Amino acid sequence: MVMQASVTVSCRKCGGVAQTVGGQEYCRCSFCSSLIQLTEVSVDRILPAGTALDSQCPACAHPLLTGLIENRRALYCALCFGVLLRHADFGSIIQERAARRVGGEPAEPRPIDPAAFGRHLNCPSCRNAMEVHPYYGPGNIVVDTCAECGLIWLDHGELTRVEQASLIRSLSSAWGDLEIADTGRQPGTISSCEAESTCRSPLHVLADLLF
């Protein structure tokens, strides 16, 4: 299993082991207590932890590095910036980021690239072939997953695409809720008065006008 139990970096001052501080974007050295600031990389906003693993990127065979995304452990490639996450962490990251983007500008959805289905990657953990399939949430992306290891591989920018598409879905849901609140009925339904007028024959309507 390539996912580490804890993310550590090397202290630039004494060379000791520095560990991440919960909820913070920095590490603290266990020996000299120095703080090491982490800087986000790539459009998917990965905080590098600085540790290279003896495991290769499934897309370009570059060594994978440890990192953090929303204080959750991740592996990423410093060459192609693909990201390896646990399934559960992927869902939690999307929910947290989408919640913070309320009021932001949603991105225009893009169609799925058919060429993505022709690529075959091996899981960095078990080395078996990963399953290629569309992500059945927002974003129109194709993902590579390993059910045995519970891991998902995302190409550069796909995490952000899902996050931005989740905002569009949230806005659509909000407009639907507003319509229900304003009309007092489900969208697409008609009131009893509307139903009566649509069901009555033209002769009945003409009779009402004349008499």
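Can you tell me how many residues within the stretch 41-64 are over 25 Å from Glu163 (Cα atoms), part of a strand (DSSP E or B), among the hydrophobic types (A, V, I, L, M, F, W, C) and without any contact (Cβ under 8 Å) to a residue 24 or more places away in the chain?
1
Just to verify a result, which residue in the stretch 35-76, among those that are in contact with a Phe, Trp or Tyr (Cβ under 6 Å, 6 or more places away or on another chain) and surrounded by fewer than 16 Cβ atoms within 10 Å (Cβ to Cβ), is modelled with the highest pLDDT?
Leu35
Any chance you could count how many residues in the stretch 81-96 are out of contact with any strand residue (DSSP E or B) (no Cβ under 8 Å at 6 or more places or on another chain) and crowded, with 16+ Cβ neighbours inside 10 Å?
Of the residues in the stretch 81-96, 1 are out of contact with any strand residue (DSSP E or B) (no Cβ under 8 Å at 6 or more places or on another chain) and crowded, with 16+ Cβ neighbours inside 10 Å.
Condition (residue is surrounded by fewer than 20 Cβ atoms within 10 Å (Cβ to Cβ), among the aromatic types (Phe, Trp, Tyr) and farther than 23 Å from Gln19 by Cβ) applied to the stretch 112-129: is it met by at least one residue?
Yes, that holds for at least one residue.
Residues checked against (1) at pLDDT 50 or above; (2) closer than 30 Å to Leu68 by Cβ; (3) part of a strand (DSSP E or B):
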{"residue": "Cys126", "(1), (2), (3)": "yes, yes, no"}
{"residue": "His133", "(1), (2), (3)": "yes, yes, yes"}
{"residue": "Gly139", "(1), (2), (3)": "yes, yes, no"}
{"residue": "Cys149", "(1), (2), (3)": "yes, yes, no"}
{"residue": "Arg161", "(1), (2), (3)": "yes, yes, no"}
{"residue": "Gln164", "(1), (2), (3)": "yes, yes, no"}
{"residue": "Gly176", "(1), (2), (3)": "no, no, no"}
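Restrict the check to the stretch 112-121 and report whether at least one residue is aliphatic (A, V, I, L, M) and at pLDDT 90 or above.
Yes: the stretch 112-121 contains one or more residues that are aliphatic (A, V, I, L, M) and at pLDDT 90 or above.
The values are calculated or read from the model by the stated rules, or taken from the named source; none is laboratory data. Keep in mind it's a predicted model, so treat the numbers as computed, not measured. Glycine also receives a Cβ, built like all others from the backbone with ideal geometry; neighbour counts cover every protein chain displayed.
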